[in-house]
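J.: Starting off with a structure, shown below.
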Amino acid sequence: MFGYAAEAALPPMPEYCSCHPTIEEAQVKVVHCPCGTNVEGETEDALVENVQAHIAADHPDLVGKYSREQIVEMAHEH
């Protein structure tokens, strides 16, 4: 996600995710950052806010490079 230029095509999401939630766990949206951080949010708004906060804290050179739509496209549910 964060190692790519904003104008470049987004990397494809893996078809299989090794994370398996239990039935008791609520489904959350997650973006897997190439740095190893899994950024989660219970709603799209929360996910976008959390991804933007992660970018600001850990990848400041990428602040403003990803639109809301790009972040949501990278997400999947757990």
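The values are calculated or read from the model by the stated rules, or taken from the named source; none is laboratory data. Nothing here was measured: the structure is a model prediction, and the numbers come from that model. Every residue, glycine as well, gets a Cβ built from its backbone with ideal geometry; the counts of neighbours run over all protein chains shown.
J.: Quick one: GLU40 ticks every box in (1) part of a strand (DSSP E or B); (2) touching a residue at least 40 places away in the same chain (Cβ under 8 Å) except a single one, so which number is it?
T.: It is condition (2) that GLU40 fails.
J.: How many residues does the stretch 44-66 hold that are touching a residue at least 60 places away in the same chain (Cβ under 8 Å) and not in a helix (DSSP H, G or I)?
T.: Total meeting the criteria: 2.
J.: If you don't mind, there's one more thing I want to ask. Inspect the stretch 2-23 for any residue being touching a Leu at 6+ places or on another chain (Cβ under 7 Å) and at pLDDT 95 or above and give the result as yes or no.
T.: no
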